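*Asks:* Encoded as structure tokens, here's the structure I'll be asking about.
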Amino acid sequence: MRIDCKHVWQHISAYIENDVDPQLRAEIDRHLETCEICSAVLDSTRNVVILMADDRVFELPAGYSERLHARIDRELEKPHGWNPDD
Amino acid sequence: MTAPNPEFEADCIRRILAGEKHLFHDLIRPCERSIYFLLFSLLKNETEAEDVAQETVIKVYQNLDKFRGESQFRTWVLSIARNEGLGRLRKISNRREDSLEADTDEQTGDYTPAILTSWREIPAEALEQKELGNLLRKAIEGLPEIYRNVVLLRDIEEIDIRETAAVLKISEASVKVRLHRARALLQRDLAPQLKGFASAKRRWFGGRA
Ligand SMILES: [Zn+2]
């Protein structure tokens with residue numbers, strides 16, 4: 001069976017996750033060899049996924065961690081947090 | 001993202017409960033980034049997200065004796081963060097949780113990707129440009145909530161599908177469906193805009209697998 005472009009698009013996310021069975025993967029690979037459109041769609045989707053994982057894209061607000069740990073320190077100073085006999 | 005270390009966590013928790021409270025700083029540190037971004041994806045507001053992140057961490061500390069190790073520590077922490085975030089959201093907008101979850105997986109998943117054979121590579125230097133980060137953040141913030149939080153956990157914080165499903169209390173199949181739609185929407189939205197960043201001819205993707 002030869003798969004068409006739409007079929008490939010349906011499986012792009014799973015393909016990137018390496019979560020398609022070997023037979024389907026082979027079909028998709030064969031399609032990608034000859035289809036410029038699908039390989040461009042795959043590359044651009046994969047690029048989006050890679051960009052999102054880059055820590056520089058999503059940065060914590062400046063001082064977030066310091067403020068969080070200062071808040072924790074204030075909590076730790078309190079006499080009891082939980083019941084030790086619990 | 002730091003990989004969870006169950007033995008370190010179990011040891012830490014035991015010692016904290018026995019009185020070495022200061023170890024809580026080390027216990028929570030690997031989770032603090034994910035807590036913030038999960039909350040930001042819900043609340044879409046930096047100040048609110050940070051405020052609820054602090055409340056979450058205090059709640060985790062106060063309830064540490066209730067963690068039984070049935071799930072990963074981070075999964076437990078992120079579930080608390082999500083509950084706190086949903087609570088804050090209700091307070092802010094009086095919106096009910098069911099309206100937040102109104103988008104369902106039954107919506108049609110048929111989509112046409114942006115077909116741009118010229119955008120296939122992004123030079124790494126492009127990331128130095130604030131503009132690219134802004135484009136991505138805006139695109140993600142524009143996603144429906146059910147897609148946004150899946151993308152946030154799986155793609156931004158790189159938490160695996162099983163744990164993502166556990167935090168959001170949905171099935172792994174739903175995570176996969178939502179992830180697929182979210183990525184498709186992002187590709188369609190971003191590919192035409194990112195085209196401009198691909199001017200430098202360098203195979204960037206090949207550098208990271
Ligand atoms: Zn094709």
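The values are calculated or read from the model by the stated rules, or taken from the named source; none is laboratory data. Here the structure is a predicted model, which means the values were calculated and not measured. Here Cβ is always computed from backbone atoms with ideal geometry, including for glycine, and neighbour counts include all displayed protein chains.
*Asks:* Can you tell me which residue among A:His80, A:His11 is of a type outside the set (A, V, I, L, M) and modelled with pLDDT of 90 or more?
*Replies:* The match here is A:His11.
*Asks:* Then there is this: How about the stretch B:160-190: which of its residues are within 11 Å of chain A (Cβ to nearest Cβ) and in a loop (DSSP other than H, G, I, E, B)?
*Replies:* Scanning the stretch B:160-190 gives a single hit, B:Asp160.
*Asks:* Quick one: which helices (runs of 4 or more DSSP H) lie wholly within the stretch A:12-58 and hold at least 3 residues that are more than 19 Å from B:Leu186 (Cα to Cα) and within 16 Å of the ligand (Cβ to nearest atom)?
*Replies:* So the answer is A:22-34.
*Asks:* Separate question: I'd like to check something: does the stretch A:18-30 contain any residue that is on the phi < 0 side of the Ramachandran plot and within 9 Å of chain B (Cβ to nearest Cβ)?
*Replies:* Yes: one or more hits.
*Asks:* Taking the conditions exactly as written (part of a helix (DSSP H, G or I) and either modelled with pLDDT under 95 or among the hydrophobic types (A, V, I, L, M, F, W, C) (or both)), does B:Trp119 satisfy them or not?
*Replies:* no
*Asks:* Out of all the residues in the stretch A:1-11, which are away from the ligand (no atom under 11 Å from the Cβ) and either within 17 Å of B:Gln187 (Cβ to Cβ) or buried (at least 17 other Cβ atoms within 10 Å of the Cβ) (or both)?
*Replies:* Passing the criteria: A:Gln10, A:His11.
*Asks:* Can you confirm whether the stretch A:38-52 contains a residue that is surrounded by 15 or more Cβ atoms within 10 Å (Cβ to Cβ) and touching a Cys at 6+ places or on another chain (Cβ under 6 Å)?
*Replies:* Checking the stretch A:38-52: at least one residue is surrounded by 15 or more Cβ atoms within 10 Å (Cβ to Cβ) and touching a Cys at 6+ places or on another chain (Cβ under 6 Å).
*Asks:* With among the charged types (D, E, K, R) and more than 14 Å from chain A (Cβ to nearest Cβ) as the only criterion, which of B:Lys91, B:Lys66, B:Lys59 stands out?
*Replies:* Every option except B:Lys91 fails the conditions.
*Asks:* Right, next: Report yes if B:Phe24 is within 13 Å of chain A (Cβ to nearest Cβ), more than 19 Å from B:Gly69 (Cα to Cα) and buried (at least 21 other Cβ atoms within 10 Å of the Cβ), otherwise no.
*Replies:* For B:Phe24, the condition - within 13 Å of chain A (Cβ to nearest Cβ), more than 19 Å from B:Gly69 (Cα to Cα) and buried (at least 21 other Cβ atoms within 10 Å of the Cβ) - is not met.
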